[in-house]
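Following: one structure in structure tokens, then a few remarks.
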Amino acid sequence: MAVLIMTVRQQVLVLYLATSALDTQVVGWANYDGTGREFHMAGDNDTPPYKTGLHALQDGWRLIQANPLTTHIPGNEYRTDYLKYEFFFEKMVELCPEDLIL
Amino acid sequence: MTNERSTDLLRLSSQQMAEFAARGFLRFDNVVPESLNAKFLKEVGHEPLAEINNPMEHYGKVMAGSAIPVIRPGTRLHDAYSNESAISEILKLPLVDGAIQSLVGAEPIFDHHFLHITFPPQFYAGSQQKSQHYHQDSTIDTRQAFDVQMMYFPHAVTVDMGGTRFLPGSHLRIVSEAAIARYQNIVGQQRMVCPAGTMLFLHMGIWHGGGLNQSEEMRYMFKIRLNPGERQVRLWDSSDLGNEHFEQRPIFWTGNDPGDQIHQTLMKPEPWFEADTGRLELMNRVRFWRYLLGDNTFDSDYWLTRVEREFA
């Protein structure tokens, strides 16, 4: 009896948006590809992969985490630090035989 | 370097200083003459690629044998380098000396320096190399006083050499060094592609990272970090500031007059600004400009005046 084993890997897309709304524009991004098909690093592209977070959803990315909105700490209301509107997306991708050849 | 100074100092203008306040950098292309670039490369021990076995060995050799001195942090900049050295001559160029004095005063303090050498792919055969993550140098720094990181590019830097990448306008964000490494790319980022002899002056807080050298040549960048030697108030040539600069320009319903050029510079957002925190960035720029002017009543586009209108 033949046994079919599916091997999947996670691809992660992190988008930083201009507001807390998914349909606002991308201002920053990062890609991590667990399949090993693509390698990404800092500064490798100046053009966002999607115009907005909604465009990523429409392309099949699953939203798995969004930054909550938090109360401003008294005395620090005007301090800026990390990018505020971070959204994690994933795709689970089935490996093909070529992916398994290291 | 001793106290010998350039005789025809070129201080920054108010417009240049406002650009530094707003964007956190000033770039001057091709300001170091070719003869001085060649002298610098000779002094640091530049060798043809064919004579280099591996990066670590070469770095060790350069560290031990180059003319770049070993200097204790806290040394007066003017005592840091010998008069005959290429670095000393570069620091005495009128534009370079003028920019340093405009930013950190007449008696800046040496913090540290480093010669960054980035090697081409032939030295890393079989291993995946990557660029340096985004980071902010040193550690969390909440001062209004600021240090300057002076980057000197002694040879032309092409796109595939992976020149320093940085994010304009990120300098006022209070972050912790490599905590920002997750951000691979940000809209509006710039990278250094420049002619030989280019100088880049960075506010200490600017987000930046080195690129991957994918060329067939070595890439050099020499960096000096300087602390201010005095309170950084109007150290530049502020004689170009007119009375109108200290008046509010109309907002929202503005007519066709964009108003004072420096106000326009301070209020110009970066493409990566978030909708709400982008406004905080503008407010923080005004606070920074107040500090530089030594004038706590200055405002632009009414951002601070509005929220300061409080009654006891």
(request) For B:ASN83 and B:ASP295, calculate 0.36 nm times their separation in residues minus their Cα-Cα distance, and state this gained length in nm to one decimal. (result) 72.5 nm
(request) Kindly state, to the nearest 0.05, the FRET efficiency for B:HIS116 paired with A:VAL12, given R0 = 30 Å and r defined as their beta-carbon distance. (result) 0.50
(message) Order A:23-31, B:167-175 from most to least packed using the mean count of other Cβ atoms within 10 Å.
(response) B:167-175, A:23-31
(request) Determine the order of B:TYR183, A:TYR82 by accessible area, beginning with the largest, at a probe radius of 1.4 Å. (result) A:TYR82, B:TYR183
(message) Suppose each label sits 7 Å from its Cα in the direction of the beta carbon; what would the B:ARG279-B:GLU177 distance come out to in nanometres?
(response) 3.6
(request) Please go through region B:219-306 and write out the chymotrypsin sites (Phe, Trp or Tyr not before Pro) that DSSP classes as loop and that have at most 14 other C-beta atoms within 10 Å. (result) B:PHE252, B:TRP253
(request) With all distinct Cα pairs included, what does the Kirkwood hydrodynamic radius of region B:79-195 come out to in Å, to one decimal, could you say? (result) 17.1
(message) Viscosity 0.692 mPa s, temperature 37 °C: give me the Stokes-Einstein translational D for region A:13-85 in µm²/s, with Rh taken as the Kirkwood radius over C-alpha pairs.
(response) 235
(request) Using only Cα atoms, find the angle between the long axis of helix B:277-293 and the longest principal axis of chain B, and express it within 0 to 90 degrees, rounded to the nearest 10. (result) 90
(message) Tell me the angle of helix B:55-65 to the major Cα principal axis of chain B, expressed in degrees between 0 and 90 and rounded to the nearest ten.
(response) 90
(message) Not counting ligands, DNA or RNA, and with a 1.4 Å probe, what is B:LYS223's accessible surface area in Å² rounded to the nearest 10?
(response) 20
(message) Contact order normalised by length for region A:1-87, with contacts defined as Cα pairs under 8 Å and 6 or more residues apart; what percent is it?
(response) 31
(message) Could you tell me the relative contact order of chain B? Use alpha-carbon pairs under 8 Å, at least six residues apart, and round to a whole percent.
(response) 26
(request) Starting from the Cα of A:ALA66, step 7 Å along the direction of its Cβ; do the same at B:ALA312; then give the gap between the two resulting points in nm. (result) 4.6
(request) At q = 0.10, 0.22, 0.23 Å⁻¹, work out log10 I(q)/I(0) for region B:182-302 with the Debye formula, treating every Cα as an identical point scatterer and leaving solvent out; two decimals please. (result) -0.48, -1.41, -1.46
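The values are calculated or read from the model by the stated rules, or taken from the named source; none is laboratory data. Since we're looking at a predicted model, the values are computed, not measured. So basically every Cβ, Gly included, is an ideal-geometry build from the backbone, and we count neighbours across all protein chains shown. Remember, those area values only see protein heavy atoms, side chains included, never the ligands or the DNA or RNA. Shrake-Rupley method; radii C 1.70, N 1.55, O 1.52, S 1.80 Å.
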